[in-house]
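Report on the structure given below.
The values are calculated or read from the model by the stated rules, or taken from the named source; none is laboratory data. These numbers come from a predicted model, not from an experiment. Neighbour counts are summed over all protein chains in view; Cβ atoms, including those assigned to glycine, are modelled from backbone coordinates with ideal geometry. For accessibility, only protein heavy atoms count, side chains too; no ligands or nucleic acids. Shrake-Rupley method; radii C 1.70, N 1.55, O 1.52, S 1.80 Å.
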Amino acid sequence: MNAADPVVQMQDVQMVFTSVDGDRFTAVEGLDLEVGSGDVVAIVGKTGCGKSTTFNLLLGLERPTSGSIQLLGHDPHKEFDWFRSKLGVIFQTDRLLPWRTALENARVGLEILDYSEKEQNDIALQWLHKLELQGFEDAYPHELSGGMRQRVGMARAFCLTPEIFFADEAFGHLDQSTARRLREVFLELVTESRKTCLLITHNIHEALEIGSRLVILGKPGHVLADMETPTNATRAEMAEFEDRVLDIIEANEVVG
Amino acid sequence: MESEATRSELSPARAQEAWHARLLSVLAARKEPIISFGVILAAWQVASFFLPPYLVPGVGAILAAFIEIVASLTLLGDVLTTMGRIFLGLVLAFITGTILGVFMGFTETVEKYTLPVLHFIMGIPALSWVVFAIIWFSHVETRIAFILLAGCLPNYALIIHDGIKSISKEYLDMLRALRPTRKQLFSKLILPGMIPAVLTSWKVNLGLAARVVIVAELVGATRGVGNKLLLAQELFEMPKAIAWTLVLVTFLLISQFVILFLEHKLLRWRPAKQGGMAT
Ligand SMILES: Nc1ncnc2c1ncn2[C@@H]1O[C@H](COP(=O)(O)OP(=O)(O)OP(=O)(O)O)[C@@H](O)[C@H]1O
Ligand SMILES: [Mg+2]
């Protein structure tokens, strides 16, 4: 694989769910997407338009009904185990294992990658502290607030040094000021390591702040627009950009 | 830990005082069950004044019979025999039931074939199994083991199956994104995820097994609580019949307590039950 080759390549991907009653539901249809190495792509779109489903497909957790998906030149579903240690995910819901403490949850990825116990704890603690969770290392998920749980889930992802980062509304459950601080932590991590990163968000400011590119998805999951984000934009430019994005999303709604 | 350290520093007299205070507070916290049982005992005693002792023996007579059992090694042996049978039958049913439940949880084909059969078997009354066992087997212990297995295996399999099914796909996906080995997936998700179901299955089956084993022991067994109950009935010895029952219930409660203790240890991560409907 050449450096110039896209890290993520989706071609005409379709995902149809079939319920037990045989009802078919198309969640993704005709999705084409390419992401280059080191790109930070923000993905926006209406609720239920298939953003999380797209992530599941990219992670190899679901098999597309048709179309082809390549990550780092490999098929994430067919070559499932090839992706060991290559993918890092912050899920939309925290998905903390209830029987593990914050620390044990944060280090689960390191356990799977067979790090030594000392390394596991050192790295996990470092991230828990960086995410402002000191004092809660031994708390079980039900003893934490929603935002704290989400941050443990972030620590779990940040502990790893994957090739590609996926973040599904990582900052959605936090108050504005915490969200901003953590976005900075995230941005620092991503830019420092030059990781390829896909980021789903409902917050267009967040998309502008972190992403260098913005992909707007329509329903069922396909690309409506794909644009560079303005850098160092003034308030007025930001507002204008936001209006444009919302217009595109709403235009799709009317047609659909 | 902390209270133990401070206690050892107290003088003996103070320590005893503190112990009494603790006992009182423990009793006070349990005052409702103490009152309920006290009322039952009192009512029983009053009834025994008016009814013949072979129907309603006095509390004292029952207590004497109870102490006779607990104090005598051979009689206690009967209780331990019964408990041993229950335990052995349950372990056997647990192992086979867990294997079946795990297979059902992971393989849809196995699930489709076995689930309806298990539900059907669950509908068969314990007494039917007793009758079948007498016809099919001549060896007493084989009969009892068979009856326990037939009664408890479906229960174990269904509860374990349910426990595995209830492990959220979200957790599975979270771990699968990390590409774990099969062994890692089992030890990090499936095993901890099914522990609550395992504990529930033991709680349910312990009670079931105790009821079933007594019936099984009524026929052909020369030892065990069921056999002793039968003897008491033949000789019309009501105090003994009650005392034997009490001994068995006591041992069962102790076993239940052990499970509750394990549950407390293993399920520390669960949110404490916040007062339910009854407040
Ligand atoms: N496993 C599934 N089975 C059936 N339908 C599904 C499944 N997963 C998702 N869907 C459907 O696919 C559609 C897209 O879901 P998805 O979770 O991808 O939306 P989303 O864009 O992430 O929305 P949100 O912004 O609210 O998170 C929804 O209508 C959902 O009901
Ligand atoms: Mg989603």
query = Which of the listed residues, A:HIS222, A:ALA170, A:ILE43, is farthest toward the dipole's positive end in chain A, when Lys, Arg count +1 and Asp, Glu count -1 at the beta-carbon?
reply = A:ALA170
ask   = Can you give me the relative contact order of region A:38-184 as a percent, contacts being Cα pairs under 8 Å and 6 or more apart?
value = 28
remark   = A:SER66 neighbourhood, Cβ < 15 Å, K/R = +1, D/E = -1, net charge -2
query = Which of rounded, prolate, oblate describes region A:113-166, given a ≥ b ≥ c as roots of the alpha-carbon gyration tensor eigenvalues and a/c under 1.5 marking rounded, otherwise prolate only if a/b is larger than b/c?
reply = oblate
inquiry  = I'd like the interface area for chains B and A: accessible area of each alone minus the complex, both sides summed, 1.4 Å probe, protein heavy atoms only. What is it in Å² to the nearest 100?
reply    = 2300
remark   = If unit charges are put on Cβ atoms (+1 for Lys and Arg, -1 for Asp and Glu) and the dipole of the protein assembly as shown is taken about its Cα centre, the option from B:CYS152, A:PHE186, B:VAL198 lying farthest towards the positive end turns out to be B:CYS152
ask   = Counting only complete DSSP H runs, which helices of chain B cover 20 Å or more along their long axis at the Cα atoms and score a mean Kyte-Doolittle of 0.5 or above?
value = B:31-50, B:73-106, B:140-165, B:191-218, B:238-266
request  = Enumerate the amide H contacts of A:ALA225 below 5 Å, restricted to partners 5 or more residues apart or on another chain; note that Pro and chain-start residues carry no placed amide H.
outcome  = A:ILE216
inquiry  = Antiparallel versus total DSSP beta bridges in the protein assembly as shown: what percent is that, nearest 5?
reply    = 50
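Counting other Cβ atoms within 10 Å of each Cβ, which chymotrypsin sites (Phe, Trp or Tyr not before Pro) in region B:36-84 have at most 14 and sit in a DSSP loop? Spell out each step's value before the answer.
Numbers: sites: B:PHE37, B:TRP44, B:PHE49, B:PHE50, B:TYR54, B:PHE66; in loops: B:TYR54.
Answer in residue order: B:TYR54.
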request  = List every DSSP H helix in chain A whose Cα atoms extend 24 Å or more along the helix's own long axis and whose mean Kyte-Doolittle hydropathy is at least -0.5.
outcome  = A:176-193, A:235-255
task = Determine the relative contact order of region B:62-266: mean sequence separation of Cα pairs under 8 Å and six or more apart, normalised by residue count, in whole percent.
result = 30
query = Over all directions, what mean area does the Cα convex hull of chain A project, stated in square nanometres?
reply = 15.1
Distance in nm between pseudo-label sites at B:THR181 and B:ALA29 (7 Å out along the Cβ direction from Cα) = 4.5
note = Row for region A:43-92, column shape: gyration tensor on C-alpha, a ≥ b ≥ c, rounded if a/c < 1.5 i.e. under 1.5, prolate if a/b over b/c, else oblate; value oblate
query = Using the Cα gyration tensor of chain B, with a ≥ b ≥ c the square roots of its eigenvalues, what is the shape: rounded (a/c below 1.5), prolate (a/b larger than b/c) or oblate (neither)?
reply = oblate
remark   = The percentage of the accessible area of region B:62-266 (probe 1.4 Å, all protein chains present) made up of carbon and sulfur atoms, to the nearest whole number, is 75
key: Euclidean distance of C-alpha centroids, region A:48-67 and region A:132-180, integer Å   = 23
inquiry  = Apply the Karplus curve 6.51 cos²θ - 1.76 cosθ + 1.60, θ = phi - 60°, to the phi angles in region A:133-144 and return the couplings in whole Hz, x for Gly and Pro.
reply    = 10, 5, x, 10, 4, 9, 7, 7, x, 5, 8, 10
note = Of the listed pairs B:LYS165/B:LYS265; A:LYS130/B:LYS265; A:LYS51/A:LYS78, those with alpha carbons more than 27 Å apart are A:LYS130/B:LYS265
note = Here the relative contact order (percent) of chain A, from C-alpha pairs under 8 Å and at least 6 apart, is 25
message = Distance between the C-alpha centers of region B:75-106 and region B:198-248? Whole Å please.
response = 16
inquiry  = Just the number please: accessible area per residue for the protein assembly as shown, 1.4 Å probe, all protein chains included, in Å².
reply    = 54
remark   = Given the candidates A:PRO64, B:GLY89, B:ALA241, the one whose Cα lies deepest towards the positive end of the charge dipole of the protein assembly as shown, counting +1 at each Lys or Arg C-beta and -1 at each Asp or Glu C-beta, is B:ALA241
ask   = Roughly speaking, what % of Cα-Cα pairs in the protein assembly as shown are separated by over 38 Å, rounded to a whole number?
value = 50
remark   = Computed for region A:32-131: size of charge dipole around the Cα centre, +1 on C-beta of each Lys and Arg, -1 on C-beta of each Asp and Glu, debye to nearest 20, value 320
inquiry  = If the elastic network links every pair of Cα atoms under 10 Å, which of B:ALA216, B:ALA150, B:ALA61 fluctuates the most in the Gaussian network model of chain B?
reply    = B:ALA61
query = Leaving out same-chain residues fewer than 8 places away, which lysines sit with a Cα under 28 Å from that of B:LYS228?
reply = B:LYS203, B:LYS240
inquiry  = Using the Cα centre of chain B as the reference point, and only Cβ charges (+1 on K/R, -1 on D/E), how large is the resulting charge dipole? Debye, rounded to the nearest 20.
reply    = 840
request  = Tell me, rounded to the nearest percent, the portion of alpha carbon pairs in region B:42-187 spaced more than 26 Å apart.
outcome  = 54
query = What size of dipole, in debye to the nearest 20, comes out for the protein assembly as shown about its Cα centre when the only charges are +1 on Lys and Arg C-beta atoms and -1 on Asp and Glu C-beta atoms?
reply = 2260
remark   = Amide H contacts under 5 Å for A:ARG213, restricted to residues at least 5 apart in sequence or on another chain and with H modeled in the peptide plane, are A:VAL40, A:ALA42, A:THR229
Residues whose placed amide H lies under 5 Å from that of A:THR196, excluding near-sequence neighbours = A:GLY38, A:PHE165
